[in-house]
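Okay, so here's the structure we're looking at.
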Amino acid sequence: MNENTTTNVQLDADGKGTVTFATDVVATIAGLAATEVEGVANMVGSSSSGLAEIFKRGQNTRSLTRGVRVDLNENTVAIHLTIVVDYGSPVPEVAKNIQENVKKAIETMSGLEVTSVNVLVQGVSFEKENRAAAEIEAQQRLLLQKQQEKEAEAEKPAEPAKPAEEKPAEAPAEEPAVAEDEADFVLELPDEEDESSQPQE
C-alpha cells in the first residue's frame, strides 16, 4: 500500500512554465538515498505491516517507496522514513547520514526545499551478522577438512622402496705390471782410489 498522497508538486520555472512532480517521484528519490547509507538493512512500510516486512526476504523486488511518506506544502517537503538497521551499526550516526543524504538528493534532483527528514527505526536486522557467522563457519569447516585429508595421507602405509637395479660387479682395477727392465736399478760408480791408481800421462 502506498503511503503517499496523489497530489503533485508544481514549481514555477522562472515564469516560463511549470514543473510538476508526482509525490511518488520524491518518495523514490528519498527511498533510494536512504538505502545508500551504510547500516540501513531495509525500508519497511506502515507500523501495521512493519514486523512482517522486517523478516521478509527478496528486498530487490520491494517497492522503492515503501517506508517513505512525503508531506507537501507548496514548494517545501517533509520526509518521514521507516527503516530497519543492521545489528551493530550506530543508530544515531546512521540516522544522521540518512537525513543528510535524503535532503541533499531531493534538493539537488527536484529543487524542492526539504524542511525535515524524520527517521523512525522500527527494527534491527541480524541478517548481516548471521551471514558473517555462516561465512566464518564455512571457512572453519574447509580448514578442518583439509587438515583431516593431510592426516589421512600421513597415516597411509608408505609404499615399499623398489630394490635398486643390480649392476654387474666391476673387476678391481689391476695395477700396471712392472716390466723387468724397470726393476730396481743400481748404478755402480768406480772408486776414487781406482782413478788415482791409473798412471797419469
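The values are calculated or read from the model by the stated rules, or taken from the named source; none is laboratory data. No experiment lies behind these values; they were computed from the predicted model shown. Cβ coordinates were reconstructed from backbone atoms using ideal geometry, including for glycine residues, and neighbour counts include every protein chain displayed.
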Inset, instruction - Filter the range 102-131 down to the residues that are of a type outside the set (V, I, T), within 30 Å of E74 (Cβ to Cβ) and assigned to a helix (DSSP H, G or I), then identify the one that is modelled with the lowest pLDDT. - result: S110
Inset, instruction - State which residue pairs qualify: first residue free of Cβ contacts under 8 Å to residues at least 60 places away in the same chain and inside the range 77-104, second residue part of a helix (DSSP H, G or I) in any location, beta carbons under 6 Å apart, and separation of 6 or more residues or different chains. - result: I79/A30; I79/V102; L81/A34; V84/I54; V85/V91; V85/V94; D86/K128; Y87/E129
